[in-house]
């Protein structure tokens, strides 16, 4: 299996690593880069647990070959907030009780973040659309929607 | 086992690489189909050729009476395009109904077409129009009518060393109304149980001509010509639309038989029971749609 | 209710992506385990040829049941099949290799020769005399009966009789984190990391399977990504598999299932077939019910006896039925692999009883709330098993629901907004449910509280935090008893080295069992601190108040000492500030000898609920959209109101899936939709508004009167939705799920009866629905 060198920016930092030709971005994030916050839920891009932001767009990292992201900028859950301060979205999720088992949370936050990066004050319908590719079994999505709605974005 | 991942810089390079590696190579764009096919063992290439960032294949523009869409236009870009929204709004409707946002952000127009799923929403809309695809290889290019291009369930006439670069849609005449509707089991990320694209050219409150493309029933989206003939030059009415629905059903049943698709299960009998009513409903909706 | 909701401290790590789920943990020198599973529903294993697999570089070993220290036997699912596989997905062999890829490839190279046997795919076929038993002597796993009064006579005296058949289907738990386990060999035995709903039980089972003592196996619980009744036997089996590799190779081993593997091999909800006959007088009073239920246990016993036990108790609904016959059988087939799923038999019987009583109401021209009140349990009513019911919150729930529906005129307006081609309807359902394990099971939990010398607190509990906020319940209870803020308390993650057995986190029992154990432990500490306070303050014991971090005299609040000083004093005197609580449920009775449970007290307490659903049905496609669910649940006392609401809302989400879109497409034991592209959980666009209503009728046994909620939250959503569909289209459905095909058939049937005219917005001049009889469901009406 030919190893490729991948150079990209992850959470604002330039990284360089070797990856297999058929590795997905999800696998590389978790294995080579040790960023375990992004989860594998189904492997076929249906559950959204592996959502990251790639060049500003929410994508399922299990559906992207890591070889394709050479030169790209990726934001993962680890890039939200600082080590001593939560991103307003994360705080809102905590406040609105939008987290139960937490397995969908990373992906959910990234879809929400991508929405807020492209749209200030989205409507409730837009929020539902933005997270419709993120499955949550613990909730009815309503607290998550409220948490995203409650962001006072500039 | 994938041994190499190639990132050609130009379309020509990509075609050359596909020619060089032959059946061992598979093209990758958004990768939303290829990743899954690879994992399921449906394909077993040793080379992947990544064309996702090739220049010039993501353009949307008008050329005379044709709307040109680059094959790397993503599904999200289709939805966001004011040009598409203005001239082929049904395509936006169809695109919006595909997958979740993540899939739409990554999946491409070309990917949908080449995948040729019988239920593909975008293909259903394209099938309602005079539409052709442009295929390039190292020798040049050929232009194929979409109907010739799609040859069966997940089958196209693309050669392994060709790249689909462009889709050209002949725009409908002024005074046309169109809509796309799909029946699905849930409201997001749900494949079509049945879908229909309806295009009506109207003049003085009469239907001049109609196009109906039925998807997810036969091996590919199908123009329902019998009903189109019935609708031509008629004044719209509930009875007319119901008759059209019956004709669609009859033609679909005949086509299904000739394609060797029987009504084998409850889903099949549901589709055919629903069909005439669904068609009438979409016709009504299209007719009542404000421009 | 007044109690401010505790903030969960697991949530911070989760929003940061730092929570340690099992697949996130790092281990050195790990082997990877992949499975070889049966492609046949029923077959004898003739030969396993692993030579090609073993030859692959990187493969450490291929193991079968013959490598286990004890031969698997009995009707429960084995770690690996001995010589017979009984469902598609039954584990036959496992491969351990240096990488996942090699293990996967090697698993494909293992050649198993099978002798395919006749499979049974229908529980009714399973009961035939000629049907070969799948286990032992008979295909009947369990058989429970109730026979009270004289049903035959009572039917004769009834004005109305309805005879109905209902069916429910197999569904998947849908936990977002799939099954995973890591086993590490240690000097004395094994350490296992495995997310499960019952860590101590998994530990004990794995020890037994691998021939170890319980104290040789250490179970450490990582963060769990959902359970919903799963991660029980599935966790035991996976943990035992990797444990076996660890013991035999001396190396750590990890096994993780893909979503497909989880769906194919994992356990599912029991499909039920139910025949209900009800007789009532025209004033709405139920005279008699005769109920016959067949539960498809699938290939192995698992929890079928207890699921069917619950079903027999709850089959007649929360209603007084003076003449009652219930017969519930669980039977083996090769079609499925059934086990505990959130609700554990209740959703199935509630589906039937609530559809039936709503239909009865319609036939008699009685309001759906009224008929439930007429027949519903009151304080002192006798249940189906002759138990006197107390702390009955049924009317409270019905009242709360009805009040909400009446006062929130939005609902009435919503119902009248019919668009062309669509129809809206509203339906209700109510329930009762026995708390905790019941049926004379051992039902206990322990909690250990260690107040540190600096007065910070660590809690050790056997409860599994599966996402429900269970740990915060412990904190709330302890904080209340000791009069301190819950921020002082940390609940230790589960480690069998330190944590007592909490029993399984099932049956919605966590709050009552572990909550009570925490209460007892906290009370033990309170007693110690009280002694110190009495000495220091020179006041009698009875006058002490524990509040806001102080212990003070009720009559003279300034006379007191801080919680910290009290703790210091305890330690200075050479004593400790630890407390241990072991709680055992009050006695419940059951009849395991004959199975006749007509006179039993199967649960020590019960919870109640009432739900309403408003739906919109597309008259062309049959698509049902749920516009609103209002869910009133009696939780006794809401220790954490925000998490109570979360449970209700999440339970509703799962119930909507059960009612409409989730459907395992199983043909002769083969599951055809084995991933989330075709197994459809509700998305954010499929659930609209959910209104949780908290009702509090204090339970006799829960800490501070609290009752369990996890499962009730999902039990009556489906019947409420189906009653709403019936209200919308004028035709009843009797089977789950109410998918497009079924709803459309219902619409067609209703159209034939002129219930629906597509050109009209309102249902006008409709014939009397009581005269309608749907094929296969006979109705005899004598009015």
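The values are calculated or read from the model by the stated rules, or taken from the named source; none is laboratory data. Since the model is a prediction, treat every value here as computed from it, not as a measurement. Here Cβ is always computed from backbone atoms with ideal geometry, including for glycine, and neighbour counts include all displayed protein chains.
A few points about this structure:
- Residue tally, condition part of a loop (DSSP other than H, G, I, E, B), without any contact (Cβ under 8 Å) to a residue 12 or more places away in the chain and facing chain A (nearest Cβ under 10 Å), over the stretch B:31-52: 1
Table: residues versus (1) surrounded by 17 or more Cβ atoms within 10 Å (Cβ to Cβ); (2) at pLDDT below 95; (3) farther than 22 Å from residue B:123 by Cα; (4) touching a helix residue (DSSP H, G or I) at 6+ places or on another chain (Cβ under 8 Å).
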{"position": "B:211", "(1), (2), (3), (4)": "yes, no, no, yes"}
{"position": "B:221", "(1), (2), (3), (4)": "yes, no, no, yes"}
{"position": "B:225", "(1), (2), (3), (4)": "no, no, no, yes"}
{"position": "B:228", "(1), (2), (3), (4)": "yes, no, no, no"}
{"position": "B:232", "(1), (2), (3), (4)": "no, no, yes, no"}
{"position": "B:238", "(1), (2), (3), (4)": "no, yes, yes, yes"}
{"position": "B:241", "(1), (2), (3), (4)": "yes, no, yes, yes"}
{"position": "B:245", "(1), (2), (3), (4)": "yes, no, no, yes"}
{"position": "B:252", "(1), (2), (3), (4)": "yes, no, no, yes"}
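- For the stretch B:1-20, residues that are more than 19 Å from residue B:31 (Cα to Cα) and touching a residue at least 60 places away in the same chain (Cβ under 8 Å) total 3.
- Qualifying residue in the stretch B:268-290 (condition: over 25 Å from residue C:623 (Cα atoms) and away from chain C (no Cβ under 14 Å)): yes
- Lone qualifier among C:61, C:89 - being touching a residue at least 24 places away in the same chain (Cβ under 8 Å), touching a strand residue (DSSP E or B) at 6+ places or on another chain (Cβ under 7 Å), in a strand (DSSP E or B) and away from chain A (no Cβ under 14 Å): C:61
- Qualifying residue in the stretch C:3-12 (condition: within 14 Å of another protein chain (Cβ to nearest Cβ), at negative phi and in contact with a strand residue (DSSP E or B) (Cβ under 6 Å, 6 or more places away or on another chain)): no
- Residue under evaluation residue B:24, criteria (1) under 23 Å from residue B:133 (Cβ atoms); (2) more than 9 Å from every other protein chain (Cβ to nearest Cβ), criterion not met: (1)
- Only one of the listed residues (B:171, B:164) is surrounded by fewer than 20 Cβ atoms within 10 Å (Cβ to Cβ) and under 17 Å from residue B:133 (Cβ atoms). That residue is B:171.
- Complete set of residues in the stretch A:81-100 that are within 8 Å of another protein chain (Cβ to nearest Cβ) and under 14 Å from residue C:17 (Cβ atoms): A:81, A:86, A:90, A:93, A:94, A:99
Yes/no matrix, rows are residues, columns are (1) more than 24 Å from residue C:23 (Cα to Cα); (2) modelled with pLDDT of 95 or more; (3) over 10 Å from the mean Cα position of the chain (by Cα); (4) not in a loop (DSSP other than H, G, I, E, B):
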site: A:44; (1), (2), (3), (4): no, yes, yes, no
site: A:48; (1), (2), (3), (4): no, yes, no, no
site: A:67; (1), (2), (3), (4): no, yes, yes, yes
site: A:89; (1), (2), (3), (4): yes, yes, yes, yes
site: A:98; (1), (2), (3), (4): no, yes, yes, no
site: A:107; (1), (2), (3), (4): no, yes, no, yes
site: A:110; (1), (2), (3), (4): no, yes, no, yes
site: A:116; (1), (2), (3), (4): yes, yes, yes, yes
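- Of all residues in the stretch C:167-197, those being more than 14 Å from every other protein chain (Cβ to nearest Cβ), under 29 Å from the mean Cα position of the chain (by Cα) and part of a loop (DSSP other than H, G, I, E, B) number 3.
- Residue in the stretch C:248-257 that is within 29 Å of residue C:13 (Cβ to Cβ), crowded, with 21+ Cβ neighbours inside 10 Å, within 14 Å of chain A (Cβ to nearest Cβ) and modelled with pLDDT of 95 or more present: yes
- The set of residues in the stretch A:26-42 being outside any loop (DSSP other than H, G, I, E, B) and within 7 Å of another protein chain (Cβ to nearest Cβ) is empty.
Yes or no, residue by residue, for (1) buried (at least 16 other Cβ atoms within 10 Å of the Cβ); (2) within 14 Å of chain A (Cβ to nearest Cβ); (3) within 28 Å of residue A:129 (Cα to Cα):
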| position | (1), (2), (3) |
| --- | --- |
| B:70 | yes, no, yes |
| B:74 | yes, yes, yes |
| B:77 | yes, yes, yes |
| B:97 | yes, yes, yes |
| B:113 | yes, no, yes |
| B:120 | yes, no, yes |
| B:142 | no, no, no |
| B:156 | yes, no, no |
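- Selection status of residue A:78, out of contact with any strand residue (DSSP E or B) (no Cβ under 7 Å at 6 or more places or on another chain) and within 12 Å of chain B (Cβ to nearest Cβ): no
- Residue match in the stretch C:159-166 (condition: surrounded by 22 or more Cβ atoms within 10 Å (Cβ to Cβ), in contact (Cβ under 8 Å) with a residue 12 or more places away in the chain and part of a loop (DSSP other than H, G, I, E, B)): no
- Count of the stretch A:117-133 residues which are under 25 Å from residue C:10 (Cβ atoms) and more than 7 Å from every other protein chain (Cβ to nearest Cβ): 1
- The stretch A:50-60, residues that are more than 13 Å from chain C (Cβ to nearest Cβ) and part of a loop (DSSP other than H, G, I, E, B): A:55, A:56
- Every residue from the stretch C:680-720 that is away from every other protein chain (no Cβ under 14 Å) and assigned to a helix (DSSP H, G or I): C:703, C:704, C:705, C:712, C:715, C:718, C:719, C:720
- If you filter the stretch C:390-430 down to residues that are without any contact (Cβ under 8 Å) to a residue 40 or more places away in the chain and buried (at least 18 other Cβ atoms within 10 Å of the Cβ), you find that the one that is nearest to residue C:719 (Cα to Cα) is C:402.
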